[in-house]
Amino acid sequence: MKNICYFEMHPPKSWWRPLMVVLFVFLCFQGMGSYFLFAFSTLFTHESFAQLASDKLSVSMNLCSLFGFGFALLGIIYWNQKVNKRPIAALGFTKEKLFSRYALGFTIGGLAIILLALVAMLMGSLSFEINSQLRIGVFIALLIGFMIQGLTEEVLCRGYLQGSLSAIMDKKWAIVLNAVFFAILHGANPGIRFIPLMNLFLFGLLFGLLYYFSENILFVGAIHSAWNFFQGPVLGIKVSGMNSVTSLLNAKSATANWINGGSFGIEGSILTTILGIASCLLLYYMIVNKKSQ
């Protein structure tokens, strides 16, 4: 990867240091950013912090949490430039085919989750109906919020962490360690079980391979954002165990099973496992073929 040269010029002193940086930036910047947005929103909603914390379907709480990721994005960009003395290109940002690559990634992410939902529906495990109470303004705000959230997670985990680890260890192990960290980050989500945790690891591998292959963080971030947005606000499926505050469709299941993913949502489905394994194998083949050429 071209951007690895920036990390090799200023490599981390140990493998755990970039892990601590990502945790610090995520917990402090995203946490404080969300808190600031919560405080600001109470001026208009007149909701107390206790009300926001207790109501998991609070529009204010959900939007503030999503937009709070923007503070973490700015935080890791600042740390990368000012502390590590690396250009923003080190994190995978590029001007080459900016909009077309982002649009392609968003399309791939959206189609992937729609495919899984259709298969689950054909197998009788999920059903969908139009939500007559869709809130258009909130829907659009969620789109922007998920665009920020997906990109931020990719810049933190793939752009910064994977790049840092690749400078001091074999790139394969950098991708694997990155995937483990990505799964642990989501380990406290509602409804977490063995299959959801395994799928989180698989998709950590998948996003790592996508980044290694494309060398474009916006492309990978777009896939991640679309995956979450189409899953929640579009299809009405839980996103990593969490409900969406509004959605175009409402997803329903008679019983929780391995096909629909139960309380974690379709990310906890065996269908997602199959898609993750198949995609990782395909990408690995594409990477090997690209190297041979």
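The values are calculated or read from the model by the stated rules, or taken from the named source; none is laboratory data. Keep in mind that what you see is a predicted model, and the values were worked out from it rather than measured. We place every Cβ from the backbone using ideal geometry, glycine too, and count neighbours over all the protein chains shown.
Which one is nearest to Leu210 (Cα to Cα), of the residues in the range 104-137 that are part of a helix (DSSP H, G or I) and of a type in the set (Gly, Ala, Ser)?
Selected residue: Gly105.
Conditions tested, residue by residue: (1) among the acidic types (Asp, Glu); (2) modelled with pLDDT under 95; (3) over 28 Å from Gln133 (Cα atoms).
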{"site": "Gly241", "(1), (2), (3)": "no, yes, no"}
{"site": "Asn250", "(1), (2), (3)": "no, no, no"}
{"site": "Thr272", "(1), (2), (3)": "no, no, yes"}
{"site": "Gly276", "(1), (2), (3)": "no, no, yes"}
{"site": "Ser279", "(1), (2), (3)": "no, no, yes"}
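Return the only residue of Ile148, Ile175, Ile77, Ile88 being within 14 Å of Ile217 (Cβ to Cβ) and without any contact (Cβ under 8 Å) to a residue 40 or more places away in the chain.
Among Ile148, Ile175, Ile77, Ile88, only Ile88 is within 14 Å of Ile217 (Cβ to Cβ) and without any contact (Cβ under 8 Å) to a residue 40 or more places away in the chain.
In the range 241-253, which residues are under 19 Å from Gly268 (Cβ atoms) and touching a helix residue (DSSP H, G or I) at 6+ places or on another chain (Cβ under 6 Å)?
Gly241, Ser244, Ser247
I'd like the full set of residues that are in a loop (DSSP other than H, G, I, E, B), buried (at least 20 other Cβ atoms within 10 Å of the Cβ) and either touching a Pro at 6+ places or on another chain (Cβ under 8 Å) or among the polar types (S, T, N, Q) (or both), limited to the range 241-276.
Of everything in the range 241-276, those that are in a loop (DSSP other than H, G, I, E, B), buried (at least 20 other Cβ atoms within 10 Å of the Cβ) and either touching a Pro at 6+ places or on another chain (Cβ under 8 Å) or among the polar types (S, T, N, Q) (or both) turn out to be Gly241, Ser244, Thr246, Ser247, Asn260, Gly261, Ser269.
So Pro196 passes all but one of these: (1) over 30 Å from Asn3 (Cα atoms); (2) out of contact with any Asp or Glu (no Cβ under 9 Å at 6 or more places or on another chain); (3) in a helix (DSSP H, G or I). Which condition number does it fail?
Condition not satisfied by Pro196: (2).
Looking for something modelled with pLDDT of 95 or more, within 21 Å of Asn243 (Cα to Cα) and either in contact with an Asp or Glu (Cβ under 9 Å, 6 or more places away or on another chain) or aliphatic (A, V, I, L, M) (or both) - is there at least one such residue anywhere in the range 104-111?
Yes, that holds for at least one residue.
Among the candidates Leu57, Leu63, Leu27, Leu43, single out the residue that is modelled with pLDDT under 95 and outside any helix (DSSP H, G or I).
Testing whether each residue is modelled with pLDDT under 95 and outside any helix (DSSP H, G or I) leaves just Leu57.
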